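The structure under discussion appears below in the form of structure tokens.
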Amino acid sequence: MTRQADERSRRQLHLNLFIYPGGHHEAAWRYRGSAPERLLDIHYYQDIARRAEAEKFDGIFLADGPALADNVRYASRFRLEPFTSLATLAAVTERIGLIATASTTYFEPYNLARLLASLDHLSKGRAGWNIVTTGAPQAAANFGLEAHPAHAERYDRAREFVEVVSKLWDSWEDEALVADPASGLFADTDRVHPIEHLGRHFTVRGPLNIPRTPQGRPVYVQAGSSEDGRAFAARFAEAVFTAHQTLASGQEFYADLKRRAAAAGRDPDQLLVLPGISPFIGSTEAEARALHAEFDELTQPEYSLRMLDRVLGVRLTTEQLDGPVPRELIETGGERGNGSRFQVILDIIDREQPTVRQLLHQLAGARGHRVVTGTPEQVADQIQEWFENGAADGFNIMPPWLTGGFDVFAEQVVPILRQRGLFRSEYTGSTLREHYGLPRPAGRSPSQPADRLVPAAR
């Protein structure tokens with residue numbers, strides 16, 4: 001059996017590269033190995049994308065938000081618009097997936113359906129949509145709203161939003177585009193259908209003005225682990241980005257999501273769970289810990305305390321850094337308590353009882369995602385442990401800084417994963433769906449009405 005045939009016969013890790021401006025540690029832009037002057041240089045991102053493709057990663061993931069972070073004074077928290085950026089990355093790559101974050105609260109379905117369909121066509125089937133509802137309340141003022149919609153309202157809109165976009169992507173049958181010069185028939189209009197959607201949030205006639213895409217539709221990705229988020233993922237998502245600090249927490253989430261998918265009539269294997277992991281890597285464990293400590297020394301308390309206030313609703317001062325986190329001041333109910341990141345941080349406080357400074361350092365590495373500090377073998381061990389013990393189908397790799405943090409992972413950890421038979425040595429497909437092992441969704445037939453097109457359910 002050839003190596004590629006052996007890989008196909010075994011369950012393989014899925015690895016995405018999560019590109020954040022400068023890196024995922026909040027002080028990454030200050031680190032001596034970073035290049036903050038390149039954060040608006042598209043060649044910088046193209047170089048990173050080519051490197052990730054050379055390592056046979058499943059996809060590149062870009063976060064986004066419709067408002068300027070109020071902590072940009074101390075950290076590189078602006079972002080280039082993802083669709084424009086990923087289109088430029090599609091031009092210099094051939095196989096790696098391209099996953100864009102877009103909000104169902106601050107987009108309209110028709111415009112977003114066009115953007116994603118265009119990206120899927122231009123990349124020959126590599127587009128993914130990270131579906132978010134936006135947790136930043138300051139976004140509302142950028143769109144003429146008096147207030148940010150409540151958590152439950154945002155998810156109600158999101159459910160209908162995905163249904164509308166799904167109908168639009170299926171409004172062209174696969175055979176609708178004919179382009180036959182001999183007959184003069186360009187499109188079979190009997191196979192292009194209005195969707196006539198009339199719902200609580202949206203009224204959309206359709207059809208979309210772009211044919212059905214190479215993947216049938218872009219891959220549905222979702223980030224959010226609240227109760228609403230889990231229910232949404234079980235119905236729609238094909239890959240879930242999530243944050244967990246412990247193996248037990250990851251296992252609980254993994255089992256719950258797979259169970260919910262099965263209850264919804266879906267194949268649980270067609271819903272991938274991909275936690276975030278941010279590795280600090282050294283030739284020895286002591287060297288890795290020294291590197292991590294060097295980053296933490298670059299953090300600025302004003303930034304970190306503001307972030308903690310935004311997530312937990314507790315305003316602390318620098319005089320409290322070396323005291324315990326005032327757990328009694330944290331209100332667990334209400335709108336803020338619905339957020340998945342809120343619960344991650346609360347679990348850290350309850351489990352570890354850190355000082356304020358220790359908590360801030362723990363969160364500085366990856367905003368609540370798991371930070372792993374150790375040798376390449378130790379990092380590979382933790383990835384393998386989660387993968388083989390029901391906590392993950394793969395990971396979003398979140399380098400503490402770029403490009404060096406990814407370089408060392410690619411050079412020192414990926415070869416170990418390959419030696420252990422856990423990660424591909426070559427691509428076996430050309431689309432993001434093929435990388436993820438997901439089928440191409442069946443399209444619409446002439447006899448199938450639009451309201452019968454149920455997205456992602458199987």
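One table, with the values for the structure above:
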quantity	calculated
Net length gained if the chain between Leu321 and Ala179 were fully extended (0.36 nm per residue, minus Cα distance)	44.4 nm
For the range 306-313, Karplus couplings with θ = phi - 60° (6.51, -1.76, 1.60), whole Hz, Gly/Pro x	5, 5, 4, 4, 4, 7, 9, x
Straight-distance crosslink candidates among aspartates and glutamates, where the alpha carbon sits under 18 Å from Lys56 and sequence neighbours closer than 8 are dropped	Asp6, Glu7, Asp47, Glu94, Asp393, Asp407, Glu411, Glu426, Glu434
Per-residue SASA entry for Asp64, accessible area with 1.4 Å probe, Å² rounded to 10	50 Å²
Karplus 3J(HN,Hα) series, Hz, for the range 403-415 with 6.51 cos²θ - 1.76 cosθ + 1.60 (x for Gly, Pro)	9, x, x, 7, 4, 5, 5, 5, 7, 10, 9, 4, x
In the range 47-147, the trypsin sites (Lys or Arg not before Pro) that fall in loop regions by DSSP, at most 13 other Cβ within 10 Å	Arg73
Per residue accessible area of the chain, 1.4 Å probe, in Å²	41 Å²
Chymotrypsin sites (Phe, Trp or Tyr not before Pro) restricted to the range 66-155 and DSSP loop, no more than 13 other C-beta within 10 Å	Phe78
All lysines inside 25 Å of Lys167 as judged from Cα atoms, apart from same-chain residues fewer than 8 positions distant	Lys124
Matching label, Cα Rg over 2.2 N^0.38 Å computed from the structure shown, candidates [x] 0.98; [y] 1.20; [z] 0.93	[x]
Accessible surface of the range 367-427 [probe 1.4 Å, protein heavy atoms]: carbon and sulfur percent	39 percent
Cα gyration tensor shape of the range 232-343, rounded if a/c is under 1.5, else prolate or oblate by comparing a/b with b/c	oblate
Residue-level accessible surface for Met307, protein heavy atoms, 1.4 Å, Å²	20 Å²
Accessible-area ranking of Asp350, Asp190, largest first, probe 1.4 Å	Asp190, Asp350
Helix axis angle, 109-122 relative to the chain longest principal axis, alpha carbon, degrees	90 degrees
Magnitude of the charge dipole, the range 195-284, Cβ model with Lys/Arg +1 and Asp/Glu -1, debye to 20	300 debye
Inter-site label distance for Gln353 and Glu285 at 7 Å from Cα along Cβ, in nm	2.4 nm
Bridge type composition, the chain - antiparallel percent by DSSP, nearest 5	15 percent
Carbon plus sulfur fraction of accessible area for the range 185-331, probe 1.4 Å, in percent	51 percent
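The values are calculated or read from the model by the stated rules, or taken from the named source; none is laboratory data. What you see is a predicted model; the values in this text were computed from it and never measured. With ideal geometry, Cβ positions are generated from the backbone for all residues, glycine too; neighbour counts draw on all protein chains shown. Note: areas computed on protein heavy atoms with side chains; ligands, DNA, RNA excluded. Shrake-Rupley method; radii C 1.70, N 1.55, O 1.52, S 1.80 Å.
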